[in-house]
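Peer 1: If you scroll down you'll find the structure; I have some questions about it.
The values are calculated or read from the model by the stated rules, or taken from the named source; none is laboratory data. This is a predicted model, so every value here is computed, not measured. Positions of Cβ are generated from backbone atoms using ideal geometry, with glycine treated the same way; all protein chains shown enter the neighbour counts. When the accessible area is computed, the model is the full protein with side chains, heavy atoms only, and any ligands, DNA or RNA have been set aside. Shrake-Rupley method; radii C 1.70, N 1.55, O 1.52, S 1.80 Å.
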Amino acid sequence: MTEQTKTSESAVGDVVLEAVSISRDYYLGRGRSGPVLSAVRDVSLSLYRRGVVAIVGESGSGKSTVARMLAGQETLTSGEVRLDGKVVHLKHRRAFRAYKREVQMVFQDPFASLNSVHTVRHHLERPIKIHRGIQGKQAIEEEMYRLLTLVSMTPPELFLPKYPHELSGGQRQRVAIARAIAASPRVLLADEPISMLDVSIRLDILRLLSDLRETLELAMLYITHDIASARYVADEILVMYAGEIVERGPAEEVTQSPAHPYTQLLVSSAPNPDALGSSLKTGTKIVPGQAGSALSSIVGCRFSPRCPFADEQCRTTRPPIVPTNDGRLVACWHLEQAAPSSVALTTKPRTTRAKKVLEKPD
Amino acid sequence: MSTSVIPITAVPPVGKSRRKFSSYPLKARIGAIIVGVFVLLAIFGPYLAPFDPSATKNTQAYPVGPNWTHLLGTTAIGGDVLSQMLVGIRATVFVGLTAGVIATFLSVLVGVSSGFLGGASDEGLSLLTNAVLVLPALPLLVVILGYLPQASNLVTAFVLSVLGWPWGARVIRAQTLSLRRRDFVAAARETGESTWRIIVSEIIPNEVSLIAASFVGTVLYAILTSVALTFLGLGDLSNWSLGSMLYWSQNGNAITLGAWWWYLPPGLAVAFLGMGLVLLNFGLDELGNPRLRDATGQHKIAGHVWRPADPTPVVRDSDLVKRGLFTRGFAALRQGVRPVRSSVAKGDDVETTIKGNADG
């Protein structure tokens with residue numbers, strides 16, 4: 001852990017939000033007779049106080065669906081979400097509001113997530129009124145000033161009367177973040193918060209999120225397709241492909257020595273000036289192909305059509321996610337070819353639930 | 001808080017400037033003026049009327065053409081046409097606006113609920129909308145208004161609005177379907193807003209221009225239909241309106257008598273009011289969709305209007321730009337002079353080259 005923005009591991013607190021093998025299916029045909037797309041299959045993860053977990057994957061890998069399910073915007077097909085160990089039920093409006101007091105989400109596109117007919121003041125005032133029970137105009141005004149200062153939009157009185165179209169992309173995303181923390185949540189789900197922003201301000205927003213994580217003791221889920229930025233902010237990285245987790249582990253290990261062929265592809269496609277031209281460790285080229293299909297009719301490994309190591313076993317049997325000797329979990333039948341340094345400790349599938357990968361003997 | 005966050009430098013506040021009337025599209029301005037005049041006449045007309053519109057004079061000398069006493073002449077029984085107009089515009093505008101308000105309210109109610117709720121409610125409400133949409137409105141109105149014992153203006157407006165809401169509802173439903181999947185609706189749900197509040201405070205404000213256009217369209221429909229129905233004798237004939245004026249003029253053989261001042265003013269008034277509403281509607285469309293705006297006069301370069309179809313005048317030469325001669329190059333081009341080519345070597349006297357060309 002060289003980045004100063006990361007928390008030291010001892011500082012990571014208790015589990016706040018937990019997903020236990022959550023899945024989400026979509027029926028593609030009319031009714032329930034057509035093909036089934038399992039957008040998310042059997043994903044488990046835990047968010048710790050002051051910890052950042054990143055989900056990395058390409059478009060359509062189901063990473064945003066995971067965030068939406070955790071936020072309560074999407075129903076679960078199976079599995080459960082637990083807040084402080086208690087299973088979350090969001091059937092009723094009151095329960096949903098109470099949940100929103102704890103778990104907030106920041107959206108990808110700051111140009112779409114703010115309503116263009118309302119001012120910054122409206123966007124901040126509503127969550128304060130709904131969730132905080134702050135009485136009196138003066139108190140609400142002070143709270144809005146505090147929030148805008150927290151996201152470095154100073155002086156606040158200048159930005160409160162502005163409409164979204166009068167702000168830059170970075171400023172809009174700051175307003176969106178301020179709105180999310182206005183409810184004073186304990187969990188922040190950031191769904192690709194920097195992908196729609198100019199490269200020059202991405203780092204600012206990432207720093208802002210890291211600072212907020214520290215000062216507000218947030219548990220954060222950071223979703224991205226850019227594995228380099230995940231390494232920058234996250235403690236743990238989950239790599240998703242076609243709705244399934246293919247590799248998970250501490251951020252440094254996953255990015256520095258990727259084990260799963262897909263993770264290797266992701267790492268090699270990040271524009272890293274130190275490793276220009278590097279491909280798979282073995283030098284084997286990935287078969288170019290379309291984004292992974294998540295149709296539930298597919299048996300076997302969903303990455304097998306693009307994988308250079310794929311054989312008959314991969315195409316017929318789904319690989320279990322198993323722990324390796326270097327402290328992570330990988331779902332691949334041919335680990336010895338893909339990453340010779342990682343050795344699977346067992347071939348038995350192991351439940352990933354509540355696995356504290358962050359706890360390492362030190 | 002750690003100090004790694006870069007502070008944003010202060011931006012000077014931008015005062016909320018009111019849009020000038022002259023900045024709106026020309027069509028919208030003309031339409032607004034025409035409709036505005038009619039609304040003013042509807043409010044104040046009856047107080048301006050010089051005579052009692054229903055007063056009659058039992059002589060054989062009528063109808064009388066326009067003169068200084070009766071500016072628009074009189075009817076066959078001696079009624080003052082101008083007074084009838086000034087009194088009658090109120091009823092026509094009243095029917096139009098009332099039907100417009102009720103029908104737009106119904107369109108928004110049905111369109112937004114159908115688009116936002118989706119599922120079975122959407123199916124049901126869409127079915128209702130389509131069913132009312134395919135009803136043959138005019139024959140049905142003839143039957144309904146002929147059946148009703150007392151066809152007052154309010155009743156006419158009500159019947160018109162019950163049959164006039166589906167167009168708006170369909171458009172608003174489509175827009176709502178597109179809006180409800182946007183991120184700001186999901187974000188409002190994140191904030192914990194209720195469904196009702198999301199509809200009223202997040203969705204509907206985004207549809208205001210659409211609702212306004214739908215309202216104007218419905219008013220136009222209601223005015224034209226009510227005038228037509230009254231002309232056919234199916235509306236309120238006991239009160240003065242543009243429609244009943246046309247009815248009585250036709251009844252009094254105005255055309256055979258050659259009394260153009262009797263039927264032309266109400267007819268032209270209806271036409272003008274309709275034109276004003278159509279122009280207002282086009283103008284609202286242009287406000288919402290800038291691509292419909294006329295491009296002429298939009299771009300002025302060096303005092304000349306450039307139309308989008310004109311070729312781009314490429315006389316790119318860094319020396320020209322640096323010496324401020326770029327715009328003069330444009331001027332030369334407009335006079336039909338050969339463009340200054342970039343092959344002009346550095347140090348050449350470009351200015352004299354242009355002048356020489358322009359003179360020659």
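Peer 1: Specify which of the listed residues (B:Leu234, B:Leu246, B:Leu220, B:Leu148) is in contact (Cβ under 8 Å) with a residue 60 or more places away in the chain and farther than 19 Å from B:Leu133 by Cα.
Peer 2: B:Leu234
Peer 1: Considering only the stretch A:84-96, how many residues are open to solvent by 30 Å² or more (accessible area, probe 1.4 Å), at pLDDT 85 or above and assigned to a helix (DSSP H, G or I)?
Peer 2: Number satisfying all stated conditions: 2.
Peer 1: Among residues belonging to the stretch A:37-70 that are among the polar types (S, T, N, Q) and assigned to a helix (DSSP H, G or I), point out the one that is surrounded by the fewest Cβ atoms within 10 Å (Cβ to Cβ).
Peer 2: Among those that are among the polar types (S, T, N, Q) and assigned to a helix (DSSP H, G or I), it is A:Ser64.
Peer 1: Hey, among the residues in the stretch B:160-186 that are open to solvent by 20 Å² or more (accessible area, probe 1.4 Å) and β-branched (Val, Ile, Thr), which one's farthest from the chain's Cα centre (by Cα)?
Peer 2: B:Val162
Peer 1: Of a type outside the set (S, T, N, Q), at the interface with chain B (Cβ under 8 Å from one of its Cβ atoms) and surrounded by fewer than 17 Cβ atoms within 10 Å (Cβ to Cβ): which single residue out of A:Glu166, A:Glu157, A:Glu142 fits that description?
Peer 2: A:Glu166
Peer 1: May I ask you to say which residue of A:Leu147, A:Leu212 is in contact with a strand residue (DSSP E or B) (Cβ under 8 Å, 6 or more places away or on another chain) and part of a helix (DSSP H, G or I)?
Peer 2: It is A:Leu212.
Peer 1: I would also like to ask the following. Please identify the pairs in which a residue from the stretch A:56-81 that is over 17 Å from B:Asp183 (Cβ atoms) and within 14 Å of chain B (Cβ to nearest Cβ) has its Cβ atom under 8 Å from the Cβ atom of a residue that is outside any loop (DSSP other than H, G, I, E, B) and not aliphatic (A, V, I, L, M), counting only partners at least 6 apart or on another chain.
Peer 2: Correct list of pairs: A:Thr75/A:Arg24.
Peer 1: Same structure, new question: For B:Leu109, which of the numbered conditions (1) of a type outside the set (Gly, Ala, Ser); (2) more than 22 Å from B:Asp236 (Cβ to Cβ); (3) open to solvent by less than 10 Å² (accessible area, probe 1.4 Å) fails to hold?
Peer 2: For B:Leu109, the exception is condition (3).
Peer 1: Checking the structure you have, find out if any residue of the stretch B:9-24 is modelled with pLDDT under 75, surrounded by 14 or more Cβ atoms within 10 Å (Cβ to Cβ) and away from chain A (no Cβ under 14 Å).
Peer 2: Yes: one or more hits.
Peer 1: Do we find a residue being assigned to a helix (DSSP H, G or I), touching an Asp or Glu at 6+ places or on another chain (Cβ under 7 Å) and either surrounded by fewer than 17 Cβ atoms within 10 Å (Cβ to Cβ) or facing chain B (nearest Cβ under 7 Å) (or both) anywhere in the stretch A:110-122?
Peer 2: Within the stretch A:110-122, one or more residues are assigned to a helix (DSSP H, G or I), touching an Asp or Glu at 6+ places or on another chain (Cβ under 7 Å) and either surrounded by fewer than 17 Cβ atoms within 10 Å (Cβ to Cβ) or facing chain B (nearest Cβ under 7 Å) (or both).
Peer 1: Keeping to the stretch B:205-231, report how many residues are away from chain A (no Cβ under 14 Å), closer than 20 Å to B:Ala28 by Cα and of a type outside the set (A, V, I, L, M).
Peer 2: Residues flagged as away from chain A (no Cβ under 14 Å), closer than 20 Å to B:Ala28 by Cα and of a type outside the set (A, V, I, L, M) within the stretch B:205-231 amount to 5.
Peer 1: Shifting gears a bit: Select from the stretch B:189-202 the residues that are open to solvent by less than 50 Å² (accessible area, probe 1.4 Å) and facing chain A (nearest Cβ under 9 Å) and list them in ascending order.
Peer 2: If the condition is that a residue be open to solvent by less than 50 Å² (accessible area, probe 1.4 Å) and facing chain A (nearest Cβ under 9 Å), then B:Glu190, B:Thr191, B:Gly192, B:Glu193, B:Ser194, B:Ser201, B:Glu202 are the ones that fit.
Peer 1: Pairs only if they're at least six apart or on different chains, beta carbon under 6 angstrom, first in the stretch A:180-206 and under 19 Å from A:Val16 (Cβ atoms), second of a type in the set (S, T, N, Q); list them, first residue then second.
Peer 2: A:Ala180/A:Gln104; A:Ala183/A:Gln104; A:Pro185/A:Gln104; A:Leu188/A:Gln104; A:Asp191/A:Ser64; A:Asp191/A:Gln108
Peer 1: Also, I was wondering about something else. Counting just the residues of the stretch A:127-139 that are open to solvent by 10 Å² or more (accessible area, probe 1.4 Å) and touching a residue at least 12 places away in the same chain (Cβ under 8 Å), which one comes out farthest from B:Ile198 (Cα to Cα)?
Peer 2: Residue satisfying both the conditions and the ranking: A:Arg132.
Peer 1: Further question: Return the residues of the stretch A:169-184 that are facing another protein chain (nearest Cβ under 9 Å) and open to solvent by less than 10 Å² (accessible area, probe 1.4 Å); say none if nothing qualifies.
Peer 2: A:Gly170, A:Ala176, A:Ala180, A:Ala182, A:Ala183
Peer 1: Okay, next question. Somewhere in the stretch B:264-284, is a residue over 26 Å from the mean Cα position of the chain (by Cα) and open to solvent by less than 30 Å² (accessible area, probe 1.4 Å)?
Peer 2: So far as the stretch B:264-284 goes, no, none of its residues is over 26 Å from the mean Cα position of the chain (by Cα) and open to solvent by less than 30 Å² (accessible area, probe 1.4 Å).
Peer 1: Name the residues in the stretch B:249-263 that are under 13 Å from B:Thr230 (Cα atoms) and surrounded by fewer than 21 Cβ atoms within 10 Å (Cβ to Cβ), would you?
Peer 2: The answer is B:Gln250, B:Asn251.
Peer 1: I would also like to ask the following. Output the number of residues of the stretch A:186-209 satisfying the condition of being in a loop (DSSP other than H, G, I, E, B) and touching a helix residue (DSSP H, G or I) at 6+ places or on another chain (Cβ under 8 Å).
Peer 2: Qualifying residue count, the stretch A:186-209: 6.
Peer 1: Based on what the data block shows, is A:Ile130 modelled with pLDDT under 90, facing chain B (nearest Cβ under 8 Å) and farther than 30 Å from A:Ser44 by Cβ?
Peer 2: Here the answer is yes, as A:Ile130 does meet what is asked.
Peer 1: Shifting gears a bit: Could you say which residue among A:Tyr99, A:Tyr27 is surrounded by fewer than 22 Cβ atoms within 10 Å (Cβ to Cβ) and within 14 Å of another protein chain (Cβ to nearest Cβ)?
Peer 2: It is A:Tyr99.
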